[in-house]
Each structure stands twice: as C-alpha cells, then as structure tokens.
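Before any comments, here is the structure.
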Amino acid sequence: MTVNKYFQNPQYTAAELFSAGYCNLNCTYCYIPKRPFLKDVHQGILTRIRNGGFLKDLKSIYGEDLEFIGHWGTEPTLSIKEFIPFYKEAVKVFPKLKSILMSSNFMIDPENLISFIRELPSDRPLKVDIQISLDGPAWVTDKNRGLGTTVSIIENTKQFIHAINQLETPHDLIVHVKPTMDEKDISEFSKYSRMKEYYVFFDVYFSELFNLNTNNKISILTHCDPTISVPGNYDRDTGINFKSMLENQVKLKEISWKHITSPESAYYNRWAHRASYFGELFTKPRMFTCSSGDTQLGIMDKSGLFGSCHRMFYVNNPEYEKAVLETGLDKTTLRGVSTGGNQALKEHMIADINNGNNVVKFLYINRAFHDFISQFLASGTAIAMELAHSGLISPCYKDRHLATLLTLGTKSANCYLDEKCFHGSSYISSFSYFLLFGNGYFENILRRSLIKNVNER
Amino acid sequence: MSMKDDFTVWANKVKRFLNSEECLSIMKVDHKKGVFKVLDIIESHYDPYHEGYIPSEQEVKDIKEVAHMIFSVLEEIPISEDISYFILSLIHVLSTWNGNVWKDADFLLKLQYLERHVKNELTISESIVTLDKSAERLRGTVKGSNPPSLKISEHYFNLLEGE
C-alpha cells in the first residue's frame, strides 16, 4: 500500500533520495562528522542503486504518483553516473516523473554530470535543476569549503556549461547558485564594501557563464542572495549584523547590475511571496511550512525505510550517533541524544513502507504539523514576547501580534525536525532564529512587504 | 445636462472612491485598473456621441467584466455606505451607457439586479438564489480547507483501537 492510498488525493509526489554517503569536502558549517563509516554508507547506497532497491522502494512508497526526484545526502555527483540505468527504468515506471534536482559542490570532474545528462533517457523531456554550491568570493568560499575551492568551482561550472552547450538533449536544464553563510560571513557582510564585493563577484561569474551558454542550452537563474546555514547557533550580535547586512543589500539594489538579479534578502522574497496567502494561514497552513513530510519524503539507505526528508538520512545510523558524541560536531543531535529528542526523531519521523501501522503513525505525526499551525504560533509568540521583555530581541515584539508575525517569519528558515531533535517537539522554535531575525531584520522585511502589498493593491 | 456632463459627474464620484483608502479593502489592483479603463471607454463613446455607434466586442467584454466584479464584491464583502455609494454611481454610469450605446436588455436586467442587491431590495426568490450561491461557495471553501490530516486521523484512530 503506497503512502498516498491513505488520502483522497495524492499528497506525496516528491522524493529525496539518499544518493551519496561520503563527501569530497569538509565544509566548516557541515554538521556531519567525516568518519570512515561514511564510506560504508556510500557503498550501501551504490548497492541499492545497482540492485534496484531504490526503484523498488519508490514504487512501493509512491505508486505512480512520483513527480520529483532530488539527489541528496552528501555530494551527489559521486554516484550520479550509477543512476543512468535507474532513470531508464524510472521514466517507464513513473509516468508523471518530470523533474530531477541535485545540489553539487562542483569539486569533482564535471564529466560525471555531463555524461549523466547525455545519457538520461530521452523518452520525454525532464526538468533537470542543478544547484551550484558556491558561497561567494574566495574569502568566503575558500574559508568555508577549503583553500582553492573557489577557482575550482568556477572552472568546473564553466567547463560544464560549455560542454552542455555542445549537447543535443531534449531536457530542460536549469542551473542556479546556492550560497550559504555562517555567522562569521554575516559579520563580514554587515560591512557595505564586503557585501558589494560579494555581488560584484557573482555579476562577473554569471557574465562568464552567459558567454559560454552560446546555444542557450541551459537556463541560468541569476539570483545569488546568501542563505543562512541550518542548523545554526545564532546569537543577538549575529542578529544585529544580519540586519546591517540586509540594509547593505537594500542599498545595493540602487546599482544597475548587469548579470545578476538585483540584491535582496532571500528571506524577504519568501516572506513577500507568502504574505499574499495570509488569508489562508489557518485553512491551508501547509503553504507556510517546509515541504519535508508534507509533499516529499526522504528515501533512506536501508530497504523499505523512508523519513520526512534528507534530514533523516543519518539519524538511525548508530555509527553516526557515536561519531557525533565523539566529535561534538552536530550540536543538535548531540543535545537530542542527551534529551531523548533524537530518539523521538527515530521513532516518529522514519517509517517502513512494509509496516502499515508504522506508516500511518508517521503520516499522522507529520500531517499534524503541516495542517495545524495554532500550536506552533502560540508557543513561538510566547517565546518571542519573553525574549523581547528580556532585551534579547527588539522591544516591538512585546506586542503579541508582532511576536506572532516574527514566529511566522522564522518559519521560512528553521527546520521542524531539528526542533524535534533539540526540544523533543516540532512545535517549539529555537531561540537562535528569533535572535537572528528579531533584531531589526524582520522589522525591515515586514515594513517593506507591507508597503509593497499596499502599492500593488 | 448633456450626456457627457452627466457622465463626468457620476464618473468623478466613481473615481473619488477608486482613489480612496477604502477601495483597497474591496478591490485588487487589476480590478481598479479595469474600472478606470471602462470609464475611459465610455467617455470615448460620448466624445463626441454618435447615435447608432456599435461598441467593439472587446469594449463590451471589458464593461461586462466590471459588472461581474461588482457582483463578486457584493457577494463577498460587507457593504459600507461609501462602497454602496460607489457601486450605485458605477451602476448609473453603466446603465446610462447601456441605454445610449449598447442597448442590451440582458445587461440592463443584470444592472437592475445589482442595484436592488445594493439597496437590499432583492425579491425572495432572488435572495434564495443568492444564498444558494453563497452556500455553494462556502462548501467549496470548507472542502478546500479539508486538511489531509483528517483523513489519516481515521486510519490512526483505527490503529489505536486495534492496539
């Protein structure tokens, strides 16, 4: 019985596949301890690709309803060539399949990705969306991803764009960048000159990509606003820097940029987009939550198992938990292990498709989070008001209504599975995001989105 | 008073509302633009007025859309005094134009119905039809907000019972 059989209409149409178990980089903000057991995980994944295990599980979980496949885990191009026979079969088994997504650090020979696209079955056009993990100029990317990575990523993406432009493919190819920043980067971006340097870097980068896209074989999306690393441990000072950074972005909008989308906060765009649906906040709250466990599931490395999304991939691996306890790298899991939150994640947010009761319980818990928002808003409002009274966020959040809006605002950044691990409940937001957004940043976003809304009407 | 002068007086009343704060509460920007456009179209028909002028299909379509928009407003939004005054002014502009230019009997009936609606003078049978439509829309809203979790709850409660 597929997961969608429990509903009137198919709810789950997207899969995040655990596609690679170890990584070729060791980024500063990555929470996964780079231990030898990751190679074993990767080997298990390769076996599952080769023996048809993934395909079998996808059929059992989604039936014919699968539309989107995302390759997640660590670096997907480490195994992407292995997926060619998988897709030859998948386009037949899943008649609605229309989109493939992956995020690559482009630190591996781009030929892996090029040959994957070349050999994708041409039965029907698929949308192939490739996210480039590039954080900005060398002083950001090299710091986060390792010395020399900036130059390598640029060269490899250029090589990729050039090669794709020589290909005849029926598929609709898209690339976009996904820059990630930690608290140190936010501190740098709070200086106007640094923020400008960042956008100039991407303007030049995109101009080079456009020059290579001679046959327009790829749609190059030009937004490049940085996003925060999640999970993150943000404090009040970072929140103040975050606000200064946003002010710099707004100032930089005045420059006429040639190749990039005008600078803006990625979170402003998310908020402004959602604002137009506020009338449906309590009737369709799922429009305001993440797609994890709502429309998508994470397909694990063990037969039959799936979780809410890629966040669950390592959760039930005892070696992972052991490595976290030894290294202290994954602070959320570390706390979750001591408080029991991690155990709650294992029990509630992972299910076995071959165990009906297990699946029903999983769906019940995940749907409850996405379909009802009052509890989340109530707890968040109380936390925000308390923080405002303590002087840790702006005093305006002593107002109940503004505190509720801030709670909703933080929802565009936080992860309900991290919250469950950390607090034992998905309905409680971490202080971290209130401190980050509640020190001027969200007020700015709110004010501008209201003005925009009035002007549009 | 000439046809053009009469139009100008009533069109100004409509425009005054369109430029007011309250307009934002009942109309989207596209609708607002649509009303302004229709006022321009009608003005062009009076300037100068030609007896027997046949409006283009597009012009009629734009004007009918505005009448339809008023209908939606009446169905969905509590009508304040200012909104009522705006709608009656607009109905006056449209029905005068219909009497002089388009001369369409169905459109006239529709405008008369809208006028009765604003003035709370609907007949019993018209009220029943209106309520029926409102109920249908409400059913749609309830169905639309029917969260998938309700369906899974049935299965979950069965499971608990079984345990």
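Throughout, read-outs are computed from the coordinates displayed, never taken from laboratory work. This one's a predicted model, so the numbers in the text were calculated from it and none came from an experiment. Cβ: placed from backbone, ideal geometry, glycine included. Neighbour counts: every protein chain shown.
A few comments on the model shown:
- Over segment A:2-113, relative contact order from alpha-carbon pairs under 8 Å, at least 6 apart, %: 34
- Label zone of A:GLU197 (point 7 Å out along Cα→Cβ, amide N under 13 Å): in segment A:125-145 this covers A:136-143.
- Here the dipole of segment A:3-288 is about 520 debye; that uses its Cα centre as origin and unit charges on the Cβ of Lys and Arg (positive) and Asp and Glu (negative).
- Over segment A:325-457, relative contact order from alpha-carbon pairs under 8 Å, at least 6 apart, %: 27
- Cα gyration tensor category, rounded, prolate or oblate, for segment A:336-424 with a/c compared to 1.5: prolate
- With a 10 Å cut-off around each Cβ of A:352-364, the average count of Cβ atoms from other chains is 3.
- Residue exposure proxy: B:ARG16, A:ARG270, ordered by other Cβ atoms within 10 angstrom of their Cβ from fewest to most, comes out as B:ARG16, A:ARG270.
- Computed about the Cα centre, the dipole magnitude for the protein assembly as shown is approximately 860 debye when only Lys and Arg (+1) and Asp and Glu (-1) carry charge, each at its Cβ.
- Dipole of segment B:1-136, positive end: most advanced residue of B:VAL66, B:TYR49, B:TRP97 [Cβ charges, Cα centre]: B:TYR49
- Note on the protein assembly as shown: Cα-only Rg and Dmax are 28.9, 92 Å.
- As a rough footprinting exposure proxy, the listed residues A:LEU387, A:LEU406, A:LEU173 were ranked by other beta carbons within 10 Å of their own, and the order from fewest upward is A:LEU173, A:LEU387, A:LEU406.
- Across peptide B:150-160, the mean count of Cβ atoms from other chains lying within 10 Å of each residue's own Cβ comes to 6.
- Top of B:LYS37, B:LYS151, B:LYS143 by mean-square fluctuation, Gaussian network on chain B, Cα under 10 Å: B:LYS151
- Straight-distance crosslink candidates among aspartates and glutamates, where the alpha carbon sits under 20 Å from A:LYS452 and sequence neighbours closer than 8 are dropped: A:ASP225, A:GLU247, A:GLU254, A:GLU264, A:GLU280, A:GLU443, B:GLU21, B:GLU22, B:ASP30
- Those Cys residues of the protein assembly as shown for which no other cysteine Cβ falls under 4.7 Å: A:CYS23, A:CYS224, A:CYS290, A:CYS309, A:CYS396, A:CYS415, A:CYS421, B:CYS23
- Axis of helix B:105-118 versus longest Cα principal axis of chain B: the two differ by about 60°, to the nearest ten degrees.
- Computed over segment A:3-288: relative contact order in percent, which uses C-alpha pairs under 8 Å that are six or more apart: 15
- Partner shielding of A:280-286 amounts to 3, given as the average count of beta-carbon atoms from other chains within 10 Å of each residue beta-carbon.
- Given charges at Cβ of Lys, Arg, Asp, Glu: the protein assembly as shown dipole, positive-most of A:GLY239, A:ASN357, A:GLY391: A:ASN357
- Cα-based reach from B:LYS110 at 25 Å (exclusive), listing lysines while leaving out same-chain residues under 8 positions away: B:LYS4, B:LYS13, B:LYS15, B:LYS28, B:LYS32, B:LYS33, B:LYS37, B:LYS61, B:LYS64, B:LYS119, B:LYS133
- Beta bridges assigned by DSSP with both partners in chain A are antiparallel in approximately 15 percent of cases.
- On Cα atoms only, tilt of B:148-162 relative to the major axis of chain B in degrees: 10
- Residues A:HIS273 and B:THR96, FRET efficiency given R0 of 30 Å [Cβ-Cβ distance, rounded to 0.05]: 0.10
- Folded to 0 to 90 degrees: helix B:57-76 orientation relative to chain B principal axis, Cα: 50
- Where Cα atoms sit under 26 Å apart: lysine pairs in segment A:177-298 separated by 8 or more or lying on different chains: 23
- Among B:VAL118, B:VAL142, sorting on how many other beta-carbon atoms sit within 10 Å of each Cβ, with the fewest leading, yields B:VAL142, B:VAL118.
- Size-normalised alpha-carbon gyration radius of segment A:373-457, reference 2.2 N^0.38 Å: 1.09
- Nitroxide proxy distance, nm - points 7 Å out along Cα→Cβ at A:LEU281 and B:TYR53: 4.9
- Phi angles of segment A:273-278 translate, via the Karplus equation with coefficients 6.51, -1.76, 1.60 and θ = phi - 60°, into HN-Hα couplings of 5, 6, 4, 6, 9, 4 Hz per residue; Gly and Pro are given as x.
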